[in-house]
Amino acid sequence: MADSQVTVHYTANDAELTVTYVDDVTGDTVTTAKLTGKTDGMGTYAVTTPAHYALADGQSGSVNYTFAADDSDNVTVHLTHAVGHSTATTTRTVNYVVTGKAELNPQSVTQSLTWNVATDEVTGTITATPQGEYAGVTSPTVNGYTADGDVSAVRATATTGMPGDAADVTVTYAANPATLTVRYVDDVTGEQVTSATLTGVTDGTVRTTCRHRRTTAWLMDSPLR
């Protein structure tokens, strides 16, 4: 009998692999995709970034793969959250109040501060970072009055959520001590007979009693400056 030889042919089985998109911030699976082919078949997968996400550092936009007979061929795509960038503006208003004399109030000062706003497009979380500070303000001069101080600079700090306007600041002016002199003049001779000094505060009113040797007393209202 002669030897014989039989050849058995193997064909590649159907195969598939899973592409898993993972949120590296939370560790959660965002989505998956299935690729099909034949065992030992090769290809390149083009990554499709889901809305509101970006590829994580080091993650390529295309991935080479080879179908295996087990799950060792599965592919993981690493994602991070996309971040939107915008700006916001807040204000601080400095008001000036002259006690009892509103018509003397200096003009209010309104300051602006710009913020860089970063918004996590997945969670909606906002982080706002100030670009500077509210500068200090020297209180304007009001003749005869003294302000209770100047307005200090305020450095804002980063915040989560949209920033709001700073609280208004009010500078109050109080009247300074003031005096006036009352001179009694003899209209016949033009000479001063006597004098008196009155004390009070700026724009305050004092009442002076004057007596004539032949008449009753009269009163005189005098504003102090």
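Values quoted throughout were computed directly from the atomic coordinates according to the rules given, and no laboratory measurement underlies them. All values derive from a computational prediction rather than experimental measurement. No Cβ is skipped: glycine too gets one built from the backbone with ideal geometry, and neighbour counts run over all protein chains shown.
Here are the numbers:
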item: The range 84-175: relative contact order as a whole-number percent, Cα under 8 Å and 6+ apart; result: 36 percent
item: Segment Val75-Asn143, extension gain: residue separation times 0.36 nm, minus the distance between their alpha carbons; result: 16.6 nm
item: Order by protection proxy (mean Cβ within 10 Å, highest first), peptides 148-158, 19-29; result: 19-29, 148-158
item: Relative contact order computed over the chain (Cα-Cα under 8 Å; 6+ residues apart), in percent; result: 13 percent
item: Percent RCO, i.e. relative contact order, over the range 14-81, from Cα pairs under 8 Å lying at least 6 residues apart; result: 43 percent
item: Convex hull per residue volume in Å³, alpha carbons only, for the range 14-81; result: 77 Å³
item: Counting all C-alpha pairs of the chain, share separated by more than 26 Å (%); result: 70 percent
item: Total formal charge among the other residues, if their Cβ is under 13 angstrom from that of Thr99, Lys/Arg +1 and Asp/Glu -1; result: -2
item: Cut-off 11 Å between beta-carbons: net charge of the residues surrounding His78, Lys and Arg +1, Asp and Glu -1; result: -3
item: Euclidean distance between Cα centres, the range 1-21 to the range 192-206, Å; result: 118 Å
item: Difference of contour (0.36 nm per residue) and Cα-Cα distance, Val109 to Gln5; result: 27.2 nm
item: Gain upon complete extension [Ser62, Tyr184; 0.36 nm per residue less C-alpha separation]; result: 33.6 nm
item: For the range 84-175, the spread of Cα positions along each principal axis, largest first, Å; result: 59, 18, 14
